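The structure appears below as structure tokens.
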Amino acid sequence: MAKPQVFVSRNIPQAGLALLRAHCEVSVWPHDRPPTTQELIDNARGKDALVCLLTERIDAAVLAALPSLKIVANVAVGYDNVDLTAATQAGVVVTNTPGVLDDTTADLAFALILATARRVVEADALTRSGRWTGWGIMQLLGHDVHHATLGIIGFGRIGRGVARRARGFEMTVLYHDALRAPEDVERSLEARYVTLDELLRQSDFISLHVPLLPQTHHLIDAAALGKMKRTAIVVNTSRGPVIDEAALVAALKEGTIAGAGLDVYEHEPRLAPGLAALPNTVLLPHIGSASIATRSKMAEMAAQNVVTFFAGGVPPNALNPDVLGRVRR
Ligand code: GLV
């Protein structure tokens, strides 16, 4: 039987490519930049599977242009870049990579909390600049993280990982989620469920861990920012459009809140006008899951979904498993 044909939209970690190559005919997009939509279509034409990244938009038009496609394996836990409804209608299985990146992303959220509160990036720049004149009692004063109140919005695996880390800093942990966590989880993490309004008003740090959905788009808008403490710091390692970035820039400029630590942006890789110039921000280029070990696990997981599918099994991370009965193998 001919091997399944797979297009991989970037040079992903070796663990994933090796697994794919053991079972499939694999072609890999050779550039560091993402393919344009047309380039993606041209390269994936006639293929059975697409392994893609969150930078690729897989919508109804792309799926219609690739009628031979049977499975899309997204190398990310968030899959807002894939139109799942259109894929389900087209009979295409979609998979993601949940679970393997939770601790790595929670680590980065905490890095942003600490770096923004303690002005680590500004301090580093001063030390290197040659303008540092020595220890100063009024120099680079920041905000304490220990014993502060942390508000976690989105209490899934990553949000809970952040709560677990917060215990070491003896923080008071509040959370809000569409679904309240079971009592034993709340108890073990010492996290208190509150309304969104309460969370916004009471937290010193607000960390976002919701998926991007119509209900979470601009969840943090001018009104939400207006409810926060003037000393509050917002951290986002989820998806950029959860924050109205223009409203955030205005709030940071006007002193409505004290700072922001961001790993994701509304229109990546572009930043909202004025954001890059603000000293009270720490801005990272979407590296939440970017550890060597985790990216390798993500690539392997995506590959495993493809390989399992072509072996006739149920891909372990299928997001629309109902489609399996009617896809072409
Ligand atoms: C990264 O942002 C992911 O969703 O995996």
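The values are calculated or read from the model by the stated rules, or taken from the named source; none is laboratory data. Just so it is clear, the model here is predicted, and its values are computed rather than measured. Note that we place each Cβ from the backbone using ideal geometry, even for glycine, and neighbour counts take in every protein chain shown. Just the protein is used for accessible areas: all its heavy atoms, side chains included, with ligands, DNA and RNA removed. Shrake-Rupley method; radii C 1.70, N 1.55, O 1.52, S 1.80 Å.
Among residues belonging to the range 216-239 that are part of a loop (DSSP other than H, G, I, E, B) and more than 18 Å from Asp80 (Cα to Cα), point out the one that is farthest from the ligand (Cβ to nearest atom).
That would be Arg230.
Restricting the search to the range 86-123, which residues are closer than 25 Å to Cys52 by Cβ, open to solvent by less than 20 Å² (accessible area, probe 1.4 Å) and more than 16 Å from the ligand (Cβ to nearest atom)?
Ala86, Ala87, Gly91, Val92, Val93
With respect to Leu126, determine if the residue is open to solvent by less than 50 Å² (accessible area, probe 1.4 Å) and either within 16 Å of the ligand (Cβ to nearest atom) or in contact with a Cys (Cβ under 7 Å, 6 or more places away or on another chain) (or both).
No; evaluated as a whole, the condition is false for this residue.
Farther than 30 Å from Ala318 by Cβ and not aromatic (Phe, Trp, Tyr): is that true of Val121 in this structure?
When the stated conditions are applied, Val121 passes them.
The conditions are (1) open to solvent by 40 Å² or more (accessible area, probe 1.4 Å); (2) touching a residue at least 24 places away in the same chain (Cβ under 8 Å), and Asp48 fails exactly one of them. Which is it?
So Asp48 meets the others, but not (1).
So how many residues does the range 51-69 have that are of a type in the set (Asp, Glu) and open to solvent by 10 Å² or more (accessible area, probe 1.4 Å)?
Total satisfying the criteria: 1.
Take the range 16-38 and flag every residue that is within 25 Å of the chain's Cα centre (by Cα), surrounded by fewer than 16 Cβ atoms within 10 Å (Cβ to Cβ) and not in a loop (DSSP other than H, G, I, E, B).
The one that is within 25 Å of the chain's Cα centre (by Cα), surrounded by fewer than 16 Cβ atoms within 10 Å (Cβ to Cβ) and not in a loop (DSSP other than H, G, I, E, B): Thr37.
For Val173, all conditions in the list (1) of a type outside the set (S, T, N, Q); (2) open to solvent by 10 Å² or more (accessible area, probe 1.4 Å); (3) more than 30 Å from Asn74 (Cα to Cα) hold save one; what is the number of the exception?
Every listed condition holds for Val173 apart from (2).
If a residue has to be touching a Leu at 6+ places or on another chain (Cβ under 9 Å), farther than 26 Å from Val121 by Cα and not hydrophobic (A, V, I, L, M, F, W, C) to count, how many in the range 158-180 make the cut?
3
Can you tell me which of Val235, Val264, Val242, Val249 is touching a residue at least 60 places away in the same chain (Cβ under 8 Å) and open to solvent by less than 50 Å² (accessible area, probe 1.4 Å)?
Val235
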